[in-house]
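What follows is a single structure, written as structure tokens, with notes after it.
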Amino acid sequence: MESHYAHIENDIVTSVEVVTDEFVKANPERYKGTWLKVGNGSTRDYCGKGFIYLPNKDKIIVPQPFKSWKLDPITDEWTAPVIKPAENYFWDETTLSWKLLPILPV
């Protein structure tokens, strides 16, 4: 059965390949570095190139959305330096603030 494998270099996913488990085990010279099973049949979710691997938690997370956002060590989610208001806002990295989404005419 084929599975998704993430190739990890310096804790960053460089590619995701679909191969059989047996093929990966039988070809270690072809698949150098760290290869982790993701998605179905794995404890890790699907991911893509640029995702970040947290080896101490054996977890893969989404890339940092903005330079100003920090990783919450408890939830492993990226958080803005300012709490998001309840309504429809988007993050403006230039001003480091939330901006209200404009209402477009219908």
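Tell me, which residue of the stretch 19-40 that is in a helix (DSSP H, G or I) and of a type outside the set (Gly, Ala, Ser) is most open to solvent (accessible area, probe 1.4 Å)? Steps first, answer last, please.
Quick first cut of the stretch 19-40, residues in a helix (DSSP H, G or I) only: 21-26.
If we keep only those that are of a type outside the set (Gly, Ala, Ser) too, we end up with 21-25.
On the way: ASP21: 32, GLU22: 116, PHE23: 68, VAL24: 26, LYS25: 161 Å².
Within the stretch 19-40, the match that is most open to solvent (accessible area, probe 1.4 Å) is LYS25.
What do you reckon, is LYS99 farther than 16 Å from ASP11 by Cα and either loosely packed, with under 13 Cβ neighbours inside 10 Å or free of Cβ contacts under 8 Å to residues at least 12 places away in the same chain (or both)?
On the way: farther than 16 Å from ASP11 by Cα: yes; either loosely packed, with under 13 Cβ neighbours inside 10 Å or free of Cβ contacts under 8 Å to residues at least 12 places away in the same chain (or both): yes.
Yes, satisfied.
Does the stretch 41-66 hold any residues that are among the aliphatic types (A, V, I, L, M) and either in contact with a Gly (Cβ under 6 Å, 6 or more places away or on another chain) or open to solvent by less than 50 Å² (accessible area, probe 1.4 Å) (or both), and which are they?
Step one: filter the stretch 41-66 for residues among the aliphatic types (A, V, I, L, M), giving 52, 54, 60-62.
Matches in the stretch 41-66: ILE52, LEU54, ILE60, ILE61.
Taking into account only those residues within the stretch 78-96 that are more than 24 Å from THR43 (Cβ to Cβ) and among the hydrophobic types (A, V, I, L, M, F, W, C), which is most open to solvent (accessible area, probe 1.4 Å)?
Filtering the stretch 78-96 for residues that are more than 24 Å from THR43 (Cβ to Cβ) and among the hydrophobic types (A, V, I, L, M, F, W, C), the one most open to solvent (accessible area, probe 1.4 Å) comes out as ILE83.
Can you tell me which residue within the stretch 1-43, out of those that are basic (Lys, Arg) and at pLDDT below 85, is farthest from GLN64 (Cα to Cα)?
If we filter the stretch 1-43 for residues that are basic (Lys, Arg), which is where we start, we get 25, 30, 32, 37.
Keeping just the survivors that are at pLDDT below 85 gives 25, 30, 32.
Details: LYS25: 32, ARG30: 30, LYS32: 26 Å.
Here the residue is LYS25.
Restricting attention to the stretch 67-77, which residues are in contact (Cβ under 8 Å) with a residue 12 or more places away in the chain and open to solvent by 50 Å² or more (accessible area, probe 1.4 Å)? Break it down stepwise before answering.
First, pick out the residues of the stretch 67-77 that are in contact (Cβ under 8 Å) with a residue 12 or more places away in the chain: 67-69, 76-77.
The answer is LYS67, GLU77.
Check VAL16 against each of (1) surrounded by 14 or more Cβ atoms within 10 Å (Cβ to Cβ); (2) touching a His at 6+ places or on another chain (Cβ under 6 Å); (3) farther than 15 Å from VAL62 by Cβ and name the one condition it does not meet.
Going through the list (1) surrounded by 14 or more Cβ atoms within 10 Å (Cβ to Cβ); (2) touching a His at 6+ places or on another chain (Cβ under 6 Å); (3) farther than 15 Å from VAL62 by Cβ, VAL16 breaks only (3).
The values are calculated or read from the model by the stated rules, or taken from the named source; none is laboratory data. These numbers come from a predicted model, not from an experiment. Note that we place each Cβ from the backbone using ideal geometry, even for glycine, and neighbour counts take in every protein chain shown. Ligands, DNA and RNA are excluded from the accessible area calculation, which covers all protein heavy atoms including side chains. Shrake-Rupley method; radii C 1.70, N 1.55, O 1.52, S 1.80 Å.
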